[in-house]
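Okay, so here's the structure we're looking at.
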Amino acid sequence: MFMTIDLHNHSYYSDGVLSPKELVCLAKKSECNVFALTDHDTIDGLNEAQQEANNQNIRLVHGVEISAMWSNMTIHIVGLNIDKDNSILRSGLKQHQDFRKIRASMMARGLGGAGVINAMEKTKALAKTDMITRTHFAQMLIQEGICKDIKSVFRRFLTGKKPGGVGGKWAQFDEVIEWIHVAGGVAVLAHPLRYRITQTKVMRMLSNLSNAGLNGVEVVTAYSTNEEIILMSKLADKYDLLYSCGSDYHGWNNQRIKIANLKDFPNSDRALWRDW
Ligand code: AMP
Ligand code: MN
Ligand code: MN
Ligand code: MN
């Protein structure tokens, strides 16, 4: 049977717009057969998603997108088919959630210095859970009329040495891969071509992560061109990684991304789910 698979999606338990329930309904409506919920550094949306998946008769993959450090920069590693009750994974995620709280107040202070009044309160008012991401700060700055779109907010306020820029203090990549493995999951590098680094550095990243036990890499994401898919499948082969695919759907209305609407792999024998 032909399968429609989307292994990277966000709900409002991190920086998505929809509830886990709404997301699962939308996945079903989009004729997705296998769907993963992968919120940033939290698994709190999985219970609600699983309940709805049972109602809708769609296969839900339990996932999480974990922030990690590699070479002093932040990268994202997706854990799939994880046991959400695993205590090592849970305590790792708790550590990241605690860092997010500290980071949010540092960001708010930085934005305050740049003249944004009550940044923390205004940002918290936009979030549906107590998870605060940079996306929430971005939404706040747009709502306040300080920036006109998400791209310019990140460039002007939320990165590097800009007023709301705070360096990541996430766990190292090898530790994050280990959390996923002890929880019985597979570890996948998210959106490998979105880190603003040279191709040589991408290759070094894949090599280091593969040596640390990474299982797969996202070969197809929402905006992948055919050239990028071919490049990534070659690199995946070179570093002995399986192919994953995911839209990184967040539900923002300025995003043209649709759930489960992805290009095919050039070689499906290397699909991450071949043994599922
Ligand atoms: P955080 O994990 O809190 O640092 O937030 C990271 C999230 O912000 C990413 O997952 C994206 O959803 C969003 N993001 C990061 N950079 C950009 C950008 N340049 N434009 C739009 N969204 C971005
Ligand atoms: Mn996000
Ligand atoms: Mn990501
Ligand atoms: Mn994501």
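The values are calculated or read from the model by the stated rules, or taken from the named source; none is laboratory data. No experiment lies behind these values; they were computed from the predicted model shown. When we count neighbours, we look across all protein chains shown, and the Cβ atoms used for this are built from the backbone with ideal geometry, even at glycine. Calculation scope for accessible area: heavy atoms of the full protein, side chains included, ligands and nucleic acids excluded. Shrake-Rupley method; radii C 1.70, N 1.55, O 1.52, S 1.80 Å.
For segment 125-138, check the following and say yes or no: at least one residue is of a type outside the set (Gly, Ala, Ser), over 16 Å from the mean Cα position of the chain (by Cα), away from ligand 2 (no atom under 16 Å from the Cβ) and more than 30 Å from residue 86 (Cβ to Cβ). No - not one qualifying residue is present in segment 125-138.
Which ones in segment 176-210 are in a helix (DSSP H, G or I) and either within 16 Å of ligand 4 (Cβ to nearest atom) or crowded, with 17+ Cβ neighbours inside 10 Å (or both)? Hits for segment 176-210 are 176, 177, 178, 179, 180, 181, 202, 205, 206, 209, 210. Residues that are assigned to a helix (DSSP H, G or I), closer than 12 Å to residue 218 by Cα and small (Gly, Ala, Ser) within segment 234-276 comprise just one, 236. Only one entry of 67, 14, 71 meets the criterion of being closer than 23 Å to residue 194 by Cβ, more than 16 Å from ligand 2 (Cβ to nearest atom) and in contact with a helix residue (DSSP H, G or I) (Cβ under 9 Å, 6 or more places away or on another chain), and that entry is 71.
Of all the listed residues (174, 149), the sole one being of a type in the set (Asp, Glu) and at pLDDT below 95 is 149. There is no residue in segment 38-58 that is under 30 Å from residue 161 (Cβ atoms) and away from ligand 1 (no atom under 13 Å from the Cβ). Here is the figure for segment 126-156: residues that are open to solvent by 50 Å² or more (accessible area, probe 1.4 Å), assigned to a helix (DSSP H, G or I), free of Cβ contacts under 8 Å to residues at least 12 places away in the same chain and not β-branched (Val, Ile, Thr) total 3.
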